[in-house]
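Beneath this line is the structure, given in structure tokens, with notes to follow.
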């Protein structure tokens, strides 16, 4: 079976940036272990002037010239969309698996397809406080609804996503978690008690400041907590707000900015962490949570969107209301003060991650979907 996966995919040896790219690398790694699959990855790259074809193990990676058009216009009727469809027509895979938004807009393509919903741009542009966010949200909402309504086969990465898409599609929905790099399951713990880790963009949507505020309260209560922030700023003014709070509260010795962390550095920091802290307002299925769980690290997150379907309250971590940094500080204090509790939660988190996020498990479930899609004789969806 010849599979074409349309997704962002980093060059061999290059750092993996972004959740969807990390998912792609893990999924492709799992799929190529299965017999009978010929895996091709296709991606549109801005700045490229010619097609490049390379190998990553037994997977074939096709890098196509991208478009300078605005993204939402390009997926509707732009040159990138046309180039992708022409290339797929020549490649003639048995199935196309779209991991990115170019799969949303209908076309004349008659190759059976499946679309994985990783998120909702109409929510993200508002939560990230992006320029013209409300207008862009309005446009994205209509594109997402129109595109998803046309798909016969959709993969949902969390029950939160399923609840969002059920009202707008009559297609089959398959529940499959995102995979993560299997090396996160082999991390040898060298915990430094009190060390907390935040992984993600420094932005309002992920509420980095709430994590810093919670640490400040814990420190004021004589809890020996420190916080390492792995990620760069999305919003300059918000980043300055976070740094100003650290300065004003004399937290320079308690909070460290790591910048964009490599996968190797991230694994090292997870080995040392007492807990992962991610107090987001809007998330679907954060890779940071899955990776921390695989490493045996308890998770402190919020009880909204996709997080409650990943973290089991009181078992693999704690969940608090978004914005409630006082409650977050309380849970930090509980964890840091209780060694057996952290150990028990970490072991439960790792066991859960093995069942849900290991790439071999996810690849096998995805292959079963491919078989259903190939046997459905579906009408063209995209």
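Before moving on, here are some points about what is shown:
- Cα gyration tensor category, rounded, prolate or oblate, for the range 11-58 with a/c compared to 1.5: oblate
- In whole percents, the pair-distance distribution calculated for the range 264-382 from its alpha-carbon pairs, binned every 5 Å from zero, is 2, 11, 19, 19, 17, 10, 6, 6, 5, 3, 1, 0.
- In terms of its alpha-carbon gyration tensor, the range 176-248 comes out oblate; a/c meets the 1.5 threshold, while b/c is at least as large as a/b.
- Compactness index (Cα Rg / 2.2 N^0.38 Å), the range 182-356: 0.92
- C-alpha long axis of helix 263-272 to longest principal axis of the chain, angle in °: 30
- The relative contact order of the chain comes to 18 percent, based on Cα pairs under 8 Å that sit 6 or more residues apart.
- Every helix of 4 or more DSSP H residues in the chain counts as -39500 (n - 2.57), and over all residues that averages to -12500 deg cm²/dmol at 222 nm.
- Centroid-to-centroid, using Cα positions, the range 314-369 and the range 1-76 are 30 Å apart.
- Cα-based helix-to-principal-axis angle, 359-374 vs the chain, degrees rounded to 10: 30
- Separation of the range 203-278 from the range 137-176 is 34 Å, based on Cα centroids.
- Put simply, the C-alpha atoms of the chain give a gyration tensor, and the ellipsoid matching it has half-axes of 37, 22, 19 Å, longest first.
Every read-out reported here was derived from the displayed coordinates using simple, explicitly stated rules and does not represent laboratory data. Just so it is clear, the structure is predicted and the values come from calculations on it, not from any experiment.
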